[in-house]
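Here's the structure we're looking at; comments come further down.
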Amino acid sequence: MSTRETPSLIDRRNVLKLLGAAGTWSALVPTMAAAQSDISRFRIRVSDDDLADLRRRLSNVRWPVEATGQPWAMGTDLAYLKQLVTYWRDKYQWRVHEAALNAFDHYVTTIDGQLIHFVHQKSRHPNATPNTYRAVTQALRPRFEPASDGLASGPRRRKSAKMGSWRPR
């Protein structure tokens, strides 16, 4: 027999899977409130003072010396970074994006001493199935992230139809 111990098949995750499969979970925990009573609603609110501080910091950036060689070969292209900082300082509409993010149902709770922020968005459709964070972010990604060709093609300005945001491409 090997001196290594075999991993236990009875761990917390497997117990929860078994309880769920057997349909007994709802009998043990009748409501989510009983299982996790410290869940509370959350809204994203960035103060005007914090936004003014951000703009001040972006105005006072100490730029490094331009790297030698091809752009992006030795890190972020300085010209691109300056464009991005200028956009964030002068044109980014935080309140528009804040409102768009707050259109979702945000919550916070504490798990093992850590504050956890999550979105729990219930569907209006009675036959909807739950989605994972990964599936939701893949659906939302085209609205918030650069094109799939990455940043290697250099910065270009492109308007998003929904958010009106600048995105590198």
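Take V61, V85 and order them by how many other Cβ atoms sit within 10 Å, fewest up front.
Details: V61 12, V85 15.
In increasing order of surrounding Cβ atoms, one gets V61, V85.
Of the trypsin sites (Lys or Arg not before Pro) in region 33-79, which ones lie in a loop per DSSP and count no more than 11 other C-beta atoms within 10 Å?
R43, R45, R62
In order along region 51-65, phi translates into HN-Hα couplings of 5, 5, 5, 4, 4, 4, 5, 5, 6, 9, 4, 9, 6, x, 6 Hz, rounded to whole numbers, per the Karplus curve 6.51 cos²θ - 1.76 cosθ + 1.60 with θ = phi - 60° and x for Gly and Pro.
Please work out how much length the chain gains when fully extended from F118 to I39, using 0.36 nm per residue of separation minus the C-alpha to C-alpha distance, in nm with one decimal. Show your work: numbers first, answer last.
On the way: separation 79, 0.36 × 79 = 28.44 nm, distance 1.00 nm.
Full extension of this stretch gives 27.4 nm more.
Please give the length that would be gained between Q138 and W88 if that part of the chain were fully extended, namely 0.36 nm times their separation in residues minus their C-alpha to C-alpha distance (nm, one decimal).
Details: separation 50, 0.36 × 50 = 18.00 nm, distance 2.44 nm.
That pair, Q138 and W88, stretches by 15.6 nm at full extension.
Label-to-label distance, H97 versus Y80, with points set 7 angstrom from Cα along the beta-carbon direction: 1.7 nm.
Extension gain for H125-D105 works out to 5.6 nm (0.36 nm per residue, less the C-alpha to C-alpha distance).
Each value in this text was obtained by applying a stated rule to the coordinates, not by laboratory testing. Because the structure is predicted, anything quoted here is derived from the model rather than measured. All Cβ positions, even for glycine, are placed from backbone atoms using ideal geometry, and neighbour counts span all protein chains on display.
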